[in-house]
Amino acid sequence: MELLLDSLFNGVAIGSVLLVAALGLAIVFGLMGVINLAHGELMMLGAYTTYVTQLIFKLPILKPFYNSYIIVSIFLAFIVSGVVGILLEKTIIRKLYGSPLETLLATWGVSLILQQFVRSVPLAYGTGLVISLLIGLFLPTTFPSKIKESINFKYFKFSSWIFASLTGVLTGSVISSSVSKLSRASARNVDVTAPSWMRGQVEIIGTAFPKTRLMIIVITLISVIAITLFLNQSAWGMRIRAVTQNRQMSDCLGISTEKVDIITFGIGSGLAGVAGVAVSLLGSVGPNVGGNYIVGCFMVVVLGGVGNLLGTVLASFGIGIMTDLIGAGRLLSIWPDMPLPLSNTINFFATTSMARVMIFALIVIFLQFKPTGLFPQKGRMVEN
Amino acid sequence: MRISRRILAGLATASLAVTATSCGGGGTSGSFDDTVTVGILHSLSGTMAISESTLVDTEKMAIEEINAAGGVTVGGKSYKIEYIVEDGASDWPTFAEKSKKLIDQDGVPVVFGGWTSASRKAMLPVYESKDAFLYYPIQYEAQECSNNIFYTGATPNQQSEPATDFMYKRSPAAGGDFFLVGSDYVFPRTSNTITKAQVKQLGGKVVGEDYLPLGNTEVAPIISKIKKALPEGGIIINTLNGDQNVAFFKQIQDAGITPSSGYYVMNYSIAEEEISTIGPEFLEGHYGAWNYMMSIDTPASKKFAASFKKRWGADRVVADPQESAYNMVYLWKQAVEDAGTFDDNAVREALVGQKFDAPQGPVEVMPNHHLSQTVRIGEINAEGGFTILEETGVVLPQAWNQKHPSSKGFACDWTDPSKGEKYKL
C-alpha cells in the first residue's frame, strides 16, 4: 500500500512538472497551431522572474513578506512571460500564421536571442525593459475611446512609449543600485531557494512527501482548473474556441480574430512563465533551463492529441507514472520473485537514461497506431 | 639557435596582432627582446562557457605574472608572452578546427585548452598528426596517454580512489553501502567502473548505480531508488555535472536524504565555484576531493587566491581546475627556459621532471605526461568552502588505471622509446 502510494505520488509529481510545462504549449501549439520553439525560453523568463522577485523581497522594506515571495512571483511570471509572448505575437508570429516551417525557424531564432539576452543584459535592466513593454503595450488601451479614435492617437501612443521607456530605465537603475546581484550581467546559473515553509517534507498516511513537489502539484492543478474554466465558461474562452475551429467563419461573425490571437498567445506564454516558477524550485535557473523541457512539452501535447487539454493532462500523468514505474524498477518490488529473464530486462531499463529510451519507444509505437494522439480532435476541422 | 618555421610564423602573427588590433594581452613594455604567442582555447560561449571562462581568466593572469617578472628567457633573449584566445563554443568539432587554426595559421608553439573529455578527444588527433602541443588542465577519467598532450589535472587515483577509501574507512558512514550517481557520459561511467572495483577490493558493497541524461533534471526516480537501496543511510558517490547538481541536491534535501539522516555524498565535480552556484545550504556536511582547495592555509595558496581576486574582482573564487591551469602555464615556461628553445621535441623532453611550487604544494611532471599531486578530502562548510579533513602525501599519477579491468597492469612512459603510450608493467 505504502509502495503503491509512493509510486503514484512520484508519478503524479513527475507528471505535474511535465503538465505545467506543456500546458501553455497545449494552448499555443494545440489550439493555435503555432510551433513555438521559444516556449522553453518563456519558461526561462518565468524562472528568472522568480529569482529577481526573491532578491527584491530580500530588501529591507519587503523583508517581512519574504515568505510569500513565491506566490507573488507566480503572478509576476505570468505577466512577464505573457507580455513578452504578446510582443512576440505582434511582431513576428502574426506575419507567419499558416506557414509552420517559417514559424519554427523564426521562433527558434527568438529562443536564441532570449538566451543570449539573459546572459548579456544585467537582470535589473531586463526587468526595466519588461516594465517598459508592459506600460507601452497596455497604457494606450486604457485611453478613452474618444482619444483612441482621434487622428492624433499615434502621438498619444508615441508619448506613452516615451513615458514607458523612461519608467523602465528608472526602475532598472533603482533595482540595479539597490540589489547588487542584479546589476551585472552574468552567464552563470543562479539559484532560487524556496522559503523555509516550503522546504522539507510532510507526512501523509505514513509516507513522507517533499513539500516543493506538493507545491508544484498545487500550482499545476490551479493552472489547469483556471484555464479550463476560462476556455469553457468565459466569453473570450468561447471566442477562442470558435476561432480555433473555424477562423474565417468567426471573423465573418464579428469576432476580432486579431484580438483572440493576442489573448490566446499571451495566456499560453503566461502559463509558460508559471511553469518557469515551478521548475525553478527543482533545479537551477540558467539561460538553458527552457531547452531541457521543450522536447518533453511537444511530446506530451502530441501524445495527448493536438487541441485537447484533457489529452495533455492524461498524457503527462501517463508519462510521469511510466517514468517512475520503469526508471525506479517498481515492478520488481511489487513482484519480487519473477522469472530471471524478465527481472533482468526490468533491471536493464531501471536507469533514468534507459527509462527515457523505453518511454520514447513506447510513444513512437503508440503513435503508429493512433497518429493523432490519445484524444484526436473530433468533428470537421476547416483546413487552412 | 635553430628557430623553427612555426616560431617565425608565430612571431609574424604576433607582431601583426600587436600593430593591428592588439588582440594579445597586457600592456606594452619596451624591455623585451622579442615576443612569443601562445594559444588559449576554451569555450567562451555555450553551456561550458561558465566554467571554462574561469580558466581563461587564470591563464591570462599567469601570463601577465610571467611577463611582469621579465617574460620567458630563451637562449639569452627575453620574450614577452602574447596570447591568442579562441572560442571552442562548447562544440567539440570547433575545438579541433580552432586547434588547426592556432597551429597552422597562428603558428603557436603551445595551446592551453579544453575542459570536457569530449573536447579533448576531438582535439587529440589534430595535435598528434601535426606533432603540436596541448596542455589540458582538468581532472579526468584518464585511460589516455598521448605524446602530444600534457595533463595537469588529477587522474582517478589522485582523486576518486583516495576519496572512496576515505568514505569507506573514515567517514561518518564508514562501512556503509555505496550508491553511485552520475551524468550519462564518459567521465562518470569510467570513474564509477573504477569505484566499483575499488569498493569490491575494500570489502564493501555497491547497491545501486544510476545515470542522468545530460540536460535532464528529473531526479525523482533516482531518489526512490536511493531510498530503497539505502533505507538506513549510506555513502553516495556523485559525478553529476554542472546544473544537474543543483537539481540533485535541492531534491534530495527535500526528500530527507541529508547528512543528519545518515546520507553522505562524496562529490568529484563540485569545487568552490559550484558550491556558490548550488548554495552551501544544500551542500553543508557533504564531501569533496581535490588537489587544490581555496582553504589551503599556505602562503602560496593564499597568494594565488589573493592575486586572482585582485585581478578579477573580490567576489571571485579559485578552485582546483584553475589551479591546474595556472600550473601548466608556469610549467611550460620553465620547460622552455630549460630547453633553451621553443622547439617541440626539446620542450617535451625538458618538461618531464619539471618541478613547480604550485598553490597546492610541490608538483612534478612525470614520464607519463601527468603530474604528481597532493590529494585533499574536504567537508563542505556553511561559508561555501571546504574544511580540509585529510591530506595525502604526493601521489603519482596513473594514466592507465590499476583498478579498471581494461587497463590493469599497464602504464605509460614517454621518456623510454621502447615503452611509450601503453606498456605492460
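The values are calculated or read from the model by the stated rules, or taken from the named source; none is laboratory data. Everything numeric here is computed off the predicted structure, so don't read it as measured data. Cβ atoms come from the backbone with ideal geometry, glycine included; neighbour counts cover every protein chain shown.
Answer yes or no: is there a residue in the stretch A:65-75 that is over 17 Å from A:Gly268 (Cα atoms), free of Cβ contacts under 8 Å to residues at least 12 places away in the same chain, more than 15 Å from the chain's Cα centre (by Cα) and surrounded by fewer than 24 Cβ atoms within 10 Å (Cβ to Cβ).
Looking through the stretch A:65-75, at least one residue is over 17 Å from A:Gly268 (Cα atoms), free of Cβ contacts under 8 Å to residues at least 12 places away in the same chain, more than 15 Å from the chain's Cα centre (by Cα) and surrounded by fewer than 24 Cβ atoms within 10 Å (Cβ to Cβ).
Among the residues of the stretch B:37-44, is any more than 14 Å from chain A (Cβ to nearest Cβ), of a type outside the set (A, V, I, L, M, F, W, C) and surrounded by fewer than 17 Cβ atoms within 10 Å (Cβ to Cβ)?
No, there is no match, as no residue in the stretch B:37-44 is more than 14 Å from chain A (Cβ to nearest Cβ), of a type outside the set (A, V, I, L, M, F, W, C) and surrounded by fewer than 17 Cβ atoms within 10 Å (Cβ to Cβ).
So A:Pro336 fits all but one of (1) within 14 Å of chain B (Cβ to nearest Cβ); (2) farther than 20 Å from A:Gly15 by Cβ; (3) part of a helix (DSSP H, G or I); what number is the exception?
The number of the failed condition is (3).
Give A:Leu18, A:Leu8 a once-over and let me know the one that is crowded, with 24+ Cβ neighbours inside 10 Å, in contact (Cβ under 8 Å) with a residue 24 or more places away in the chain and within 25 Å of A:Ile217 (Cβ to Cβ).
Selected residue: A:Leu18, the only one of A:Leu18, A:Leu8 that is crowded, with 24+ Cβ neighbours inside 10 Å, in contact (Cβ under 8 Å) with a residue 24 or more places away in the chain and within 25 Å of A:Ile217 (Cβ to Cβ).
Assuming B:Ala174 fulfils every condition listed in (1) in contact with a His (Cβ under 7 Å, 6 or more places away or on another chain); (2) part of a loop (DSSP other than H, G, I, E, B); (3) of a type in the set (A, V, I, L, M) apart from one, which condition is it?
Only one criterion is unmet by B:Ala174, namely (1).
Taking the stretch A:197-213, which residues are more than 10 Å from chain B (Cβ to nearest Cβ) and either in contact (Cβ under 8 Å) with a residue 60 or more places away in the chain or among the small types (Gly, Ala, Ser) (or both)?
Of everything in the stretch A:197-213, those that are more than 10 Å from chain B (Cβ to nearest Cβ) and either in contact (Cβ under 8 Å) with a residue 60 or more places away in the chain or among the small types (Gly, Ala, Ser) (or both) turn out to be A:Trp197, A:Ile205, A:Gly206, A:Thr207.
Show the residue pairs that are 6+ apart or on different chains and have beta-carbon atoms under 7 Å apart, the first residue being within the stretch B:401-421 and free of Cβ contacts under 8 Å to residues at least 24 places away in the same chain, the second being in a loop (DSSP other than H, G, I, E, B).
Hits for this filter: B:Lys408/B:Gln402; B:Gly409/B:Leu425; B:Phe410/B:Trp400; B:Phe410/B:Leu425.
I'm checking my understanding of the structure. Among residues of the stretch B:174-196 that are touching a Pro at 6+ places or on another chain (Cβ under 9 Å) and more than 14 Å from chain A (Cβ to nearest Cβ), which one is surrounded by the fewest Cβ atoms within 10 Å (Cβ to Cβ)?
Residue satisfying both the conditions and the ranking: B:Thr193.
Against the conditions (1) at pLDDT 90 or above; (2) over 30 Å from B:Asn245 (Cα atoms); (3) of a type outside the set (Val, Ile, Thr), where does A:Ser150 fall short? Just the number, please.
If we test A:Ser150 against (1) at pLDDT 90 or above; (2) over 30 Å from B:Asn245 (Cα atoms); (3) of a type outside the set (Val, Ile, Thr), just (1) comes out false.
Collect the residues in the stretch B:177-205 that are aliphatic (A, V, I, L, M) and in a helix (DSSP H, G or I), keeping them in residue-number order.
B:Val186, B:Ile194, B:Ala197, B:Val199, B:Leu202
Being within 14 Å of chain B (Cβ to nearest Cβ) and at pLDDT 85 or above is the filter; apply it to the stretch A:351-376 and report the residue that is surrounded by the most Cβ atoms within 10 Å (Cβ to Cβ).
If we take residues in the stretch A:351-376 being within 14 Å of chain B (Cβ to nearest Cβ) and at pLDDT 85 or above, then A:Ala355 is surrounded by the most Cβ atoms within 10 Å (Cβ to Cβ).
Would you mind finding the one in A:Asp261, A:Asp324 that is touching a Pro at 6+ places or on another chain (Cβ under 6 Å) and at pLDDT 85 or above?
A:Asp324
Please determine, by comparing only the residues of the stretch B:336-381 that are among the small types (Gly, Ala, Ser) and within 18 Å of the chain's Cα centre (by Cα), which one is surrounded by the most Cβ atoms within 10 Å (Cβ to Cβ).
Per the stated criteria, the residue is B:Ala358.
Does B:Val199 meet the test of being within 25 Å of the chain's Cα centre (by Cα), among the hydrophobic types (A, V, I, L, M, F, W, C) and buried (at least 20 other Cβ atoms within 10 Å of the Cβ)?
Yes; evaluated as a whole, the condition is true for this residue.
Scan B:Ser90, B:Ser78 and give me the residue that is at pLDDT below 95 and assigned to a strand (DSSP E or B).
The match here is B:Ser78.
Would you confirm whether or not the stretch A:258-281 contains a residue that is free of Cβ contacts under 8 Å to residues at least 60 places away in the same chain and surrounded by 23 or more Cβ atoms within 10 Å (Cβ to Cβ)?
no
Between residues in the stretch B:30-43 that are under 21 Å from B:Lys77 (Cα atoms) and at pLDDT below 95 and residues that are among the small types (Gly, Ala, Ser) and part of a strand (DSSP E or B), which pairs lie under 9 Å by C-beta distance while being six or more apart or on different chains?
Between residues of the stretch B:30-43 that are under 21 Å from B:Lys77 (Cα atoms) and at pLDDT below 95 and residues that are among the small types (Gly, Ala, Ser) and part of a strand (DSSP E or B), the close pairs are B:Ser31/B:Ser78; B:Phe32/B:Ser78; B:Asp33/B:Ser78; B:Asp34/B:Ser78.
Quick check on my filter: what residues within the stretch B:359-373 are in contact with a Pro (Cβ under 8 Å, 6 or more places away or on another chain) and either hydroxyl-bearing (Ser, Thr, Tyr) or in contact (Cβ under 8 Å) with a residue 40 or more places away in the chain (or both)?
Within the stretch B:359-373, B:Asn368, B:His370, B:Leu371, B:Ser372, B:Gln373 qualify.
Would you mind telling me which numbered condition in (1) part of a strand (DSSP E or B); (2) under 30 Å from B:Ile388 (Cβ atoms); (3) of a type in the set (Val, Ile, Thr) B:Ile84 fails?
For B:Ile84, the failing item is (2).
Which of the numbered conditions does B:Phe386 fail, given that it passes all the others? Conditions: (1) of a type outside the set (Lys, Arg); (2) within 22 Å of B:Ile149 (Cα to Cα); (3) out of contact with any Cys (no Cβ under 6 Å at 6 or more places or on another chain).
Among (1) of a type outside the set (Lys, Arg); (2) within 22 Å of B:Ile149 (Cα to Cα); (3) out of contact with any Cys (no Cβ under 6 Å at 6 or more places or on another chain), B:Phe386 violates only (2).
Within the stretch B:264-275, does at least one residue satisfy the condition of being within 12 Å of another protein chain (Cβ to nearest Cβ) and without any contact (Cβ under 8 Å) to a residue 24 or more places away in the chain?
no
Given the conditions (1) within 7 Å of chain A (Cβ to nearest Cβ); (2) part of a loop (DSSP other than H, G, I, E, B); (3) at pLDDT 90 or above, which single one is not true for B:Gly215?
(3)
One residue is enough: does the stretch A:42-64 have a residue meeting the conditions part of a helix (DSSP H, G or I), within 14 Å of chain B (Cβ to nearest Cβ), under 20 Å from the mean Cα position of the chain (by Cα) and among the aromatic types (Phe, Trp, Tyr)?
yes
Is at least one residue of the stretch B:285-302 over 22 Å from A:Leu214 (Cα atoms) and within 13 Å of another protein chain (Cβ to nearest Cβ)?
So far as the stretch B:285-302 goes, no, none of its residues is over 22 Å from A:Leu214 (Cα atoms) and within 13 Å of another protein chain (Cβ to nearest Cβ).
Are there any pairs with C-beta distances below 7 angstrom linking a residue in the stretch B:232-257 that is within 10 Å of another protein chain (Cβ to nearest Cβ) and crowded, with 23+ Cβ neighbours inside 10 Å to a residue that is of a type in the set (Ser, Thr, Tyr) and in a strand (DSSP E or B), with the two at least 6 apart or on different chains, and if so which?
B:Gln244/B:Ser183
Only strands (runs of 3 or more DSSP E) wholly contained in the stretch B:285-398 count here; list those with 2 or more residues that are among the acidic types (Asp, Glu).
Where strands (runs of 3 or more DSSP E) fall fully within the stretch B:285-398 and carry at least 2 residues being among the acidic types (Asp, Glu), they are B:386-395.
When the residues of the stretch A:180-196 are filtered to those that are hydroxyl-bearing (Ser, Thr, Tyr) and more than 8 Å from chain B (Cβ to nearest Cβ), which remaining residue is surrounded by the most Cβ atoms within 10 Å (Cβ to Cβ)?
Among residues in the stretch A:180-196 that are hydroxyl-bearing (Ser, Thr, Tyr) and more than 8 Å from chain B (Cβ to nearest Cβ), the one surrounded by the most Cβ atoms within 10 Å (Cβ to Cβ) is A:Ser183.
Pick from B:Glu128, B:Glu97: which is among the charged types (D, E, K, R), away from chain A (no Cβ under 14 Å), in contact with a Ser or Thr (Cβ under 7 Å, 6 or more places away or on another chain) and surrounded by fewer than 20 Cβ atoms within 10 Å (Cβ to Cβ)?
Only one candidate passes the filter, namely B:Glu128.
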